[in-house]
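A short worksheet on the structure shown next.
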Amino acid sequence: MSEQSSRAVRIHATGGPEQLVIDSVSVGDPGPGQVRIRHHAVGLNYIDVYQRSGLYQLPLPLALGMEGAGVVEAVGEGVTHLKAGDRAAYAANPPGSYCDVRLMPAMNVCRLPDGIDFETGAAMMLKGLTAQYLLKRTRPVEGLEAGDFVLFHAAAGGVGLIACQWAKALGLRLIGTAGSDEKCALAREHGAAFTINYRSEDFVARVKDITGGQGVKVVYDSVGKDTFEKSLDCLRPFGLMVSFGNASGPAPAFAPAILAAKGSLYVTRQTLFSHITTRERTQSMADDLFAVVQSGAVKIRIDQRFALADVQAAHRSLEARATTGCTVLLP
C-alpha cells in the first residue's frame with residue numbers, strides 16, 4: 001500500500017468563503033470499484049456554494065468539489081473501463097475534487113477524448129451533463145421540436161452558455177435571461193435567439209411579446225426564489241417548469257391549484273445525480289457531450305482561472321455573480 005499526501009480544500013463549519021481551508025490529507029491505493037486520479041484542473045460550480053453555506057447539508061468536515069479532470073494513477077479491483085495512465089474527467093459524488101489527488105468511485109469517471117484538454121474537461125462535465133439532461137431528458141409532455149421556444153435563466157453562466165449553443169444546434173429558439181446587457185450579449189453570441197435583461201425588463205412581458213402571446217413550452221431555472229413564480233406565467237398550457245438550482249435562494253412553496261389556474265402546468269425539480277446512477281447512463285450522456293463539443297457545435301468558455309490556493313476568491317466571485325462561462329481551479 002502506497003500513501004501520498006495531497007492538498008484538499010475542506011470546510012470544518014458551514015458559512016462563507018472564509019470557511020474554505022486547505023488541509024493536508026493522506027491518499028492510499030484504490031479499493032474495489034475505485035480509482036486514484038491526479039487532477040490537472042478542477043471545476044467550480046454553484047452546488048459547491050450550497051454545500052459550503054449549509055443550504056445542502058452534508059457531514060463535516062467536508063471536502064468540496066464535484067468535477068475534475070486529470071490522469072488515472074491506479075485502479076481498484078473490478079474497474080475495467082479505465083487503466084493507469086488514462087486521461088479522465090468526471091462529475092460525481094461524493095464531493096472532494098478540490099485537491100491534488102483523490103480516491104473516488106470509478107462509476108462516473110469517463111475517459112477524456114484526446115481532442116479535449118484537461119481544463120475544458122474539468123469545466124464542462126457537471127455543467128455539460130446538466131445541459132444534456134435538461135435539453136435531452138427533461139422535456140415537456142408535448143415534446144420539443146425545432147422552432148419551439150424555451151426560456152433559460154442565467155443564460156450567461158456555465159450551464160447557460162452550453163445550453164444556448166446546444167439548443168441552437170437542436171433548432172430550438174432559446175430565450176435567455178441575464179443580469180446585465182453585457183451578459184445578454186454574451187448569451188446571444190453563444191446562440192440564444194433572444195435575450196432579456198431581467199434587471200431592466202419585465203421578463204414575463206417580454207416572453208409573451210417574443211412568443212406572440214403563446215408562452216414557452218419549458219422554463220429551465222437555476223435561479224430559484226427570484227424567478228420561480230414569474231416563470232410559471234411564461235409557460236403555455238401544459239408547459240413544464242424545470243427547477244434545477246437556487247442561486248437566489250430556494251423556490252417558494254406554492255399551492256398545486258396554481259398550476260391548474262395557469263394552464264395545467266407541470267413542475268419538476270431535477271438534479272444531475274439522479275441521471276448518472278449507472279455506469280452505462282453516465283457514459284451515454286458523456287459520449288453525447290463529448291461529441292457535441294468535438295464537433296465544434298458547443299464550445300466550452302473558461303473565463304476565470306484561479307490557483308487552488310485562491311479558492312476563497314473564486315467562491316466570492318461566483319457568489320457576486322461576477323463570473324461568466326466556466327471557472328476552473330488549477331492545483
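The values are calculated or read from the model by the stated rules, or taken from the named source; none is laboratory data. All values reported here derive from a predicted model rather than from experimental measurement. Cβ: placed from backbone, ideal geometry, glycine included. Neighbour counts: every protein chain shown.
A compact table of results
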| read-out | value |
| --- | --- |
| Pairs, first without any contact (Cβ under 8 Å) to a residue 24 or more places away in the chain and at positive phi in segment 20-45, second hydroxyl-bearing (Ser, Thr, Tyr) and outside any loop (DSSP other than H, G, I, E, B), C-beta under 6 Å, six or more apart | none |
| Number of the exception - Arg137 against (1) within 18 Å of the chain's Cα centre (by Cα); (2) under 23 Å from Leu44 (Cα atoms); (3) not acidic (Asp, Glu) | (2) |
| Of the criteria (1) assigned by TED's automatic domain parsing to the domain that holds Phe152; (2) modelled with pLDDT of 95 or more; (3) in contact with a strand residue (DSSP E or B) (Cβ under 7 Å, 6 or more places away or on another chain); (4) surrounded by 14 or more Cβ atoms within 10 Å (Cβ to Cβ), which one Arg305 fails | (1) |
| Residue in segment 186-204 that is under 18 Å from Leu144 (Cα atoms), touching a residue at least 12 places away in the same chain (Cβ under 8 Å) and touching a Phe, Trp or Tyr at 6+ places or on another chain (Cβ under 7 Å) present | no |
| Breaking point among (1) in the same structural domain as Leu289 (by TED's automatic domain parsing); (2) in contact with a Cys (Cβ under 7 Å, 6 or more places away or on another chain), for Ala155 | (1) |
| Residues of segment 251-262 that turn out to be in contact with a helix residue (DSSP H, G or I) (Cβ under 9 Å, 6 or more places away or on another chain) and either farther than 27 Å from Gly215 by Cβ or surrounded by fewer than 18 Cβ atoms within 10 Å (Cβ to Cβ) (or both), as a count | 5 |
| Subset tally (residues that are of a type in the set (S, T, N, Q) and within 20 Å of Ala307 (Cα to Cα)) for segment 86-107 | 1 |
